[in-house]
Amino acid sequence: MAQEYRLILKYADEPGYTPDIDCYLRHGGYETLKKALAIAPKTVADGKTVSGPEQIRDDVKLSGLRGRGGAGFSCGLKWSFVDRRSGKPIYLICNADESEPGTFKDRQILHKDPHQMIEGMIISCYANDVKLAYIYIRGEFPEGARILNRALAEARAKNFLGKNILGSGYDLEIYVHRGAGAYICGEETGLIESLEGKRAYPRIKPPYFPAVLGLYQCPTIVNNVETLCNVKHIVAMGASEFAKLGTPNNTGTRIVSISGQVKKPGYYEVEVGKATIGQLINEFAGGLLDGRKLKALIPGGSSSKVFKAGEKFKLKKKGPDGMDIETEVEMLDLPYDFDSLMAAGTMSGSGAIIVIDDSTDIVEALANLGEFYAHESCGQCTPCREGSLWMSKVLHRLTHGEGRKQDADYLVKIADNIPGGRTICAFGEACSWPVQSFVAKFKDEFVAKGEADEKRRAAQTSGASATPELKIAASPQSP
Amino acid sequence: MSFTVPPQLEAELNELVTHYPQKRSASLMFLHALQEHFGYISKEAIEWTAQKLELQPINIYELVTFYPMFRQEPAGKYVLKVCRTLSCALGGSHKLHEHFCQKLGLDSHGHGLQTTKDGKFSVEFVECLASCGTAPVMMCNEDFYEGVSNAKADEILGGCK
């Protein structure tokens, strides 16, 4: 039986735990910040001095922490890309624009334990010599924004923020910035544009890598809420202790959001890779509703490629002699980590599992997502703007009795023409992957729906009217 | 109609500008504050914001048309936003939306925001509100509700005076 391991949500759901600073301080809050500020420069073998902030950066790299926002990119590596020689200020932005359908983990942190995130953020800013940072919170979290503003004011009053923090000589200010309902703001360069007061049109890379040309064309770090919380724990525990959590290359814990047709949907924090998908949905989330069977499962937020129940994958595993052994693994037995899901052709994305049972029409499920992506495409790149809307229209007709037999192939054709370097950002991939995978894995259902619609329409036309069939080809008058 | 921003609000907005090295960054926060106060973003509000932030009105107008939360027409006193996206749809959000529309005499198939004739309620579908584990979820103005049954929906309506 897999167990929850609560590192980040350790206190969040304890009775009586409140989001104010006194409660946080009673639970050891801001001790790690004090520890971080006190790290003395050390001299290494070749006589070079490594500053405190630099040591923190090294620790984050050593810890193996991977970003919790979606891409799973190494946080330490991301930080190492920051241009520190430009002489320009370095900015840090906390991405609290949680809006990948299926994901609701950052909501818990922001609402229940905001100071943990703020402490992680201050440490991250200190490590990267950031003097001004922002929390970009989605517009639909007005309460979250209020809680954060209150928490920042409390931290300021205690000199965890502001000038000369705790006498260290380090200055930092953090402000809350609210989004206004656009999913694309979760994409880091779109977020930066939005924070500059513009439409959230993602920027093209190169040259606009945030680490070099980010906010106001200055080096910028964008990290997810959960990632920043992890930084606090890396400093508190030490990188090697942190790296013992989870599995190699998939370190730490992960808050997994489970929703859809299960008995106990919710968020569960586990060591990365220590629980399988099956354990997550059957043991943690209580399994499927009575009398239902698993049909499909979206493993990492709505953009990730869907799994079909019973799907099997060939994965490479290290044997006792160190050689790679290929083993066949059923979808439910896949460890829920970054690498296993990638090897299975999908991704753990934002850590959000959506369970779909056999009572659900799979075409309707995809139509729902199609509408989401059509609504959320920023409209900057033609393949994505037109393609997402086009796919949504086809899915709409398939779910409204207007389908055609060849719609399944048609959908894939459109989806295949959006991603792969034809768009500026990964939204092109994000809107295509669900369509490509749903149709590939449930093709018979898409075809059957289109076919049934065609038959019904044919029966209606032939039975309902006495109008003679038009024979255009035979007409001598036809142009 | 003349457009006047109360001095206290203007002072708050002036303070917001200081959060950013570039004034333009404050535009989304301005629009949130103005919509909260006036109920929607009027042409005058756009011009006023542009002037305050030393921008052209188009720089603000393009935000109002881009970001789904901003509206250019008044909405009902209470705006009910029902989450439409997959997990909530699986959890019955379409039924919830239909229930509200039926109760309030609105067209559940109408496009966009639907407002009652007396201007008290508006109902709309919105995309993922990030609480998929407690579907279906909704917001009534700034208040968030989860696991909303029809009975709970009626309670929410009843609480709107």
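The values are calculated or read from the model by the stated rules, or taken from the named source; none is laboratory data. All of these numbers come straight from a predicted model, not from anything done at the bench. Methodologically, a virtual Cβ is constructed for each residue, glycine included, from the backbone with ideal geometry; neighbour enumeration extends over all protein chains shown. The accessibility values were calculated without ligands, DNA or RNA, using every heavy atom of the protein model including side chains. Shrake-Rupley method; radii C 1.70, N 1.55, O 1.52, S 1.80 Å.
Taking the centroid of alpha carbons for each part, region A:226-246 and region A:354-432 are 38 Å apart.
What average number of partner chain Cβ atoms lie no more than 10 Å from the Cβ of the residues making up B:66-73?
So the per-residue partner count for this stretch is 5.
Figure legend: label point modelled 7 angstrom from the Cα of A:ASP20 along Cα→Cβ; residues of region A:117-155 with amide N under 15 Å from it are A:147-148, A:150-155. List, in the order given, every pair from A:LYS264/A:LYS312; A:LYS131/A:LYS232; A:LYS405/A:LYS441; A:LYS244/A:LYS312 whose Cα-Cα distance in the structure shown is over 20 Å. Pairs exceeding the cut-off: A:LYS264/A:LYS312; A:LYS244/A:LYS312. For chain A, averaging the sequence separation of C-alpha pairs within contact (under 8 Å, six or more residues apart) and dividing by the residue count gives a relative contact order of 15 percent. Qualifying GluC sites (Glu not before Pro) in region B:23-106, where qualification requires a DSSP coil assignment and no more than 14 other C-beta atoms within 10 Å, comprise B:GLU54. For region B:121-161, the set of GluC sites (Glu not before Pro) satisfying both a DSSP loop assignment and a count of at most 11 other C-beta atoms within 10 Å is empty. Return the calculated 222 nm mean residue ellipticity for the protein assembly as shown, to the nearest 500 deg cm²/dmol, obtained by summing -39500 (n - 2.57) across DSSP H runs with n ≥ 4 and dividing by the residue count. Taken over the protein assembly as shown, the calculation gives -12000 deg cm²/dmol. Overall shape: oblate for region B:7-66, with the ratio a/c of the largest to smallest alpha carbon gyration tensor axis at 1.5 or above and b/c at least equal to a/b. Longest stretch of chain A clear of exposed loop sites (chymotrypsin sites (Phe, Trp or Tyr not before Pro), DSSP loop, at most 14 other Cβ atoms within 10 Å, sites excluded): A:82-479.
Applying the criteria of a DSSP loop state and at most 16 other Cβ atoms within 10 Å to the trypsin sites (Lys or Arg not before Pro) of region A:123-195 yields A:LYS158, A:LYS163.
How big is the A/B interface in buried accessible area, both sides summed, 1.4 Å probe, to the nearest 100 Å²?
When A and B are taken together, about 3700 Å² of accessible area is lost.
For region A:253-357, taking the reciprocal of the average inverse distance between every pair of different Cα atoms yields a Kirkwood hydrodynamic radius of 13.8 Å. Shielding by partners for peptide A:101-112, expressed as the average number of C-beta atoms from other protein chains within 10 Å of each residue's C-beta, is 4.
Over chain B, what is the mean sequence separation of C-alpha contacts under 8 Å (at least six apart), divided by residue count, expressed as relative contact order in percent?
RCO, chain B: 18 percent.
Relative to the isolated chain, which residues of region B:111-132 have their accessible area cut by 30 Å² or more in the presence of all protein chains (1.4 Å probe, heavy atoms, no ligands or nucleic acids)? Relative to the lone chain, where solvent access is computed with a 1.4 Å probe, region B:111-132 loses at least 30 Å² at B:GLU127, B:CYS128, B:LEU129, B:ALA130, B:CYS132. Of the Cα atoms belonging to region A:159-299, the radius of gyration and Dmax stand at 20.1, 63 Å. Run the numbers on region A:41-153 and let me know its relative contact order in percent, using alpha-carbon pairs under 8 Å that are six or more apart. It rounds to 26 percent for region A:41-153. Once the convex hull of all Cα atoms in region B:18-161 is built, its volume per residue stands at 125 Å³. Dividing the radius of gyration of the alpha carbons in chain A by their Kirkwood radius gives 1.04 for Rg/Rh.
A convex hull fitted around the alpha carbon atoms of region A:94-197 yields 96 Å³ per residue.
Scattering from region B:78-158 was approximated by placing one identical point on each alpha carbon and applying the Debye formula without solvent; log10 I(q)/I(0) at 0.26 1/Å stands at -1.36.
Just counting partner chain Cβ atoms within 10 Å, what average do the residues of peptide B:17-29 show around their Cβ?
5
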